[in-house]
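**Student:** My questions will all concern the structure given below.
The values are calculated or read from the model by the stated rules, or taken from the named source; none is laboratory data. Just so it is clear, the model here is predicted, and its values are computed rather than measured. Backbone-built Cβ (ideal geometry, glycine too); neighbour counts: all protein chains shown.
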């Protein structure tokens, strides 16, 4: 595991990957063998680099213009009920291997990718050279948990305020959800004995070990 306290620059990420990925690939391919009390053991090694945040993954994949790192759908699809109900419409279809092949096909002078208007279907959000051979088929747990919890609470506030259809733009519509928010948070505290702390509308920490 490498913990790098630095800006997510392409040069830094390239350096880290060129250092660690060959070692990881060797472990995946050959595993580990050792002797213990006269017995030989062979261990298969599975490595999942699943704790990289979104900024690192965007730089690593070269997909700086994509809307999803796991498939080729777009945001308009995510709100289409028919597509949501369609089996396997949102299946994982992107792989690092396919992205690298696309880069080789679209690469022009000096390794650049030329962006053209309305070329998302062809380019798939590819903007730069991929820097990793790893697939990005995961969502960082901490970020997903916090974001998911925030959105569920956001929905609860509107249900309590009896606002079942809303646009989060108009200032005059904020009063009821704000009052409902205090009601919901107080209810959570009474039931769980845990108080939710907020800063700029995002969950930061829970009392009593959460």
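**Student:** Residues in the stretch 17-31: is at least one in a loop (DSSP other than H, G, I, E, B) and in contact (Cβ under 8 Å) with a residue 12 or more places away in the chain?
**Tutor:** yes
**Student:** Counting only residues that are outside any loop (DSSP other than H, G, I, E, B) and modelled with pLDDT under 80, which one in the stretch 161-191 is farthest from residue 151 (Cα to Cα)?
**Tutor:** Filtering the stretch 161-191 for residues that are outside any loop (DSSP other than H, G, I, E, B) and modelled with pLDDT under 80, the one farthest from residue 151 (Cα to Cα) comes out as 172.
**Student:** Please indicate, with yes or no, whether at least one residue in the stretch 67-78 is crowded, with 17+ Cβ neighbours inside 10 Å, free of Cβ contacts under 8 Å to residues at least 40 places away in the same chain and in contact with a helix residue (DSSP H, G or I) (Cβ under 6 Å, 6 or more places away or on another chain).
**Tutor:** Scanning the stretch 67-78 turns up at least one residue that is crowded, with 17+ Cβ neighbours inside 10 Å, free of Cβ contacts under 8 Å to residues at least 40 places away in the same chain and in contact with a helix residue (DSSP H, G or I) (Cβ under 6 Å, 6 or more places away or on another chain).
**Student:** Any idea which residue in the stretch 32-59 is nearest to residue 124 (Cα to Cα), counting only those that are outside any loop (DSSP other than H, G, I, E, B) and under 12 Å from the mean Cα position of the chain (by Cα)?
**Tutor:** Filtering the stretch 32-59 for residues that are outside any loop (DSSP other than H, G, I, E, B) and under 12 Å from the mean Cα position of the chain (by Cα), the one nearest to residue 124 (Cα to Cα) comes out as 58.
**Student:** Just the residues that are loosely packed, with under 10 Cβ neighbours inside 10 Å, at pLDDT below 90 and touching a helix residue (DSSP H, G or I) at 6+ places or on another chain (Cβ under 9 Å), please, taken from the stretch 8-50.
**Tutor:** Selection gives 46 alone.
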